[in-house]
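The structure appears below as structure tokens.
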Amino acid sequence: MKVLIAGGNGSMGPHVIAALRGRHELRVTDVTPAPPGFAHEYRQLDAGDHDGVIAAAAGMDAIVNLSVSRTDRRGAFDANVRGNYNLAVAAVRHGIRTIVNTGPYYQVAGPAYDDFDFGLHPDLPPQPGTRLYALTKALGHEVLRVFSERHDLYVQTLLFYLMRDPAASRRLDANDKGGVGQDMIPPYIIAWPDTGLAVRAALEIDRARLPSRCETYFVLPAVPHGKYRNDKLGRVLGWEPPHRLEYLWMRRIDR
Ligand SMILES: NC(=O)c1ccc[n+]([C@@H]2O[C@H](COP(=O)([O-])OP(=O)(O)OC[C@H]3O[C@@H](n4cnc5c(N)ncnc54)[C@H](O)[C@@H]3O)[C@@H](O)[C@H]2O)c1
């Protein structure tokens, strides 16, 4: 497939590119300039640029949205809301039927759910709260949901929270803050490379297997705490994160 990756020059971009490289043809956009020696087609583009986004999506088969702005008021609306609107319009204009969107889990399970101690799932009624990041991401999510209702467009939103380099974490000593044997707090974490694999699983799924044209997933390995449920990954995508990160939540017993 020809895949447009919006916001591909951030932290998650390289992991998504690594997971898709050699399987798909990539066109990457971001508001920042291309990294030196970048190996794929690259366009410097603001997600809020309506015409630019439509032009960038021409000839593509699918869109992955990684763009995010967290604290700047204008930037948050441009990247997180208008960006999704522009991508959805571009998808409809070019007959693109797949959008894989991303965001933090609290754009669905925000502060109103903090006291729940188990069983939170991605199909809860969204309660993002009023934090700019969560609220604008939730608005962008809603924009895509409405487009998927009105158009032949399949939107999947992957929600993350914390990421770890699995190799680096493994080297931590049990006494290090947040290290081995300290319990996984909060219990929502994933290995960086698995973020790219999750995007790949959502991109490559046969659309006929999706329960609806708008699906949302909590993307984390199965953890015993059970506060956040990840079962939809296996049930719908047929995929689970290969890194289970047990060493983060298993307690070391000193005798
Ligand atoms: N990094 C995390 O810890 C984390 C946690 C939870 C969820 N997420 C989600 O994962 C996705 C990827 O995040 P990330 O970690 O790569 O974030 P990042 O901040 O590292 O990268 C975001 C990218 O978006 C680009 N961007 C910002 N404003 C833009 C605009 N107006 N137009 C075009 N590009 C713009 C930035 O230049 C940057 O390259 C986002 O949806 C984010 O909400 C990330």
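The values are calculated or read from the model by the stated rules, or taken from the named source; none is laboratory data. Everything numeric here is computed off the predicted structure, so don't read it as measured data. Because the Cβ atoms are built from the backbone with ideal geometry, glycine has one as well, and the counts that use them run over all protein chains shown. To get the accessible areas, we keep the full protein, side chains included, count just its heavy atoms, and leave off ligands, DNA and RNA. Shrake-Rupley method; radii C 1.70, N 1.55, O 1.52, S 1.80 Å.
Give me the net charge for the shell around ALA138: Cβ to Cβ below 12 angstrom, other residues only, Lys and Arg +1, Asp and Glu -1. Spell out each step's value before the answer.
Working: positive: ARG131, LYS137, ARG145; negative: GLU142.
Charge balance in the 12 Å sphere: +2.
Using the Cα centre of segment 1-157 as origin and beta-carbon charges of +1 (Lys, Arg) and -1 (Asp, Glu), tell me which of HIS40, ASN9, GLY110 is placed farthest towards the positive end of the dipole.
About the Cα centre, the residue reaching furthest to the positive side is HIS40.
Taking each pair of different alpha-carbon atoms in the chain once, compute 1/r for the pair, average those values, and report the inverse of that mean as the Kirkwood hydrodynamic radius in Å to one decimal. Don't skip to the end; give the middle numbers.
Values: mean 1/r = 0.0537 Å⁻¹.
About 18.6 Å for the chain.
Using a Gaussian network model of the chain with C-alpha springs under 10 Å, which one of ILE63, ILE190, ILE205 is most mobile by mean-square fluctuation?
Result for the chain, Cα springs under 10 Å: ILE205 fluctuates most.
Using a 1.4 Å probe and counting only protein heavy atoms, arrange HIS225, HIS24 so the residue with the most accessible area comes first. Before the final figure, lay out the partial values.
Values: HIS225 65, HIS24 30 Å².
In descending accessible area the options line up as HIS225, HIS24.
Run the dipole for the chain about the Cα centre, Lys and Arg Cβ at +1, Asp and Glu Cβ at -1, nothing else charged, and hand back the magnitude in debye, nearest 20.
Working: 31 positive and 28 negative charges, 39 e Å.
Computed charge dipole of the chain: roughly 180 debye.
Mind running the shape call on segment 1-103? Use the C-alpha gyration tensor, a ≥ b ≥ c as the square roots of the eigenvalues: rounded below 1.5 for a/c, prolate if a/b tops b/c, oblate otherwise. Mind showing how you got there, number by number?
Numbers: a/c = 1.61, a/b = 1.12, b/c = 1.43.
Taking the square roots of the gyration eigenvalues as a ≥ b ≥ c, segment 1-103 is oblate.
What residue among PHE116, PHE218, PHE147 has the largest mean-square fluctuation in a Gaussian network model of the chain, using Cα springs under 10 Å?
PHE116
Could you let me know the centre-to-centre spacing of segment 217-240 and segment 1-45, using Cα atoms, in angstrom?
Cα centroid of segment 217-240 versus Cα centroid of segment 1-45: 27 Å apart.
Net charge near VAL236: determine it from the other residues with C-beta under 10 Å of the C-beta of VAL236, scoring Lys and Arg +1 and Asp and Glu -1.
Values: positive: ARG209, LYS232, ARG235; negative: GLU215, ASP231.
Residues close to VAL236 contribute a combined charge of +1.
Any chance you could list the semi-axes, whole Å, largest first, of the equivalent ellipsoid that the Cα gyration tensor gives for segment 1-40, using √(5λ)? The partial results should precede the final answer.
Values: eigenvalues 48, 20, 20 Å².
Taking √(5λ) for each Cα gyration eigenvalue gives 16, 10, 10 Å.
Summing -39500 (n - 2.57) over the DSSP H runs of n ≥ 4 in the chain and dividing by its residue number, what mean residue ellipticity at 222 nm do you reach, to the nearest 500 deg cm²/dmol? Please list the in-between numbers first.
Numbers: 8 runs with 74 residues, N = 255.
So the calculated ellipticity at 222 nm is -8500 deg cm²/dmol.
Using amide H atoms built in the peptide plane, which far-off residues or other-chain residues are under 5 Å from ASN101 H to H?
The list, which skips near neighbours in sequence, is ASN65, GLN156, THR157, LEU158.
What is the list of residues in segment 138-155 whose amide nitrogen lies under 14 Å from a point 7 angstrom out from the Cα of ALA112, following Cα to Cβ?
It comes to 138-139, nothing else.
Once the other residues with Cβ under 13 Å from the Cβ of PRO14 are scored (Lys, Arg +1; Asp, Glu -1), what is the net sum? Don't skip to the end; give the middle numbers.
Numbers: positive: ARG21; negative: ASP30, ASP165.
Once positives and negatives cancel, what remains is -1.
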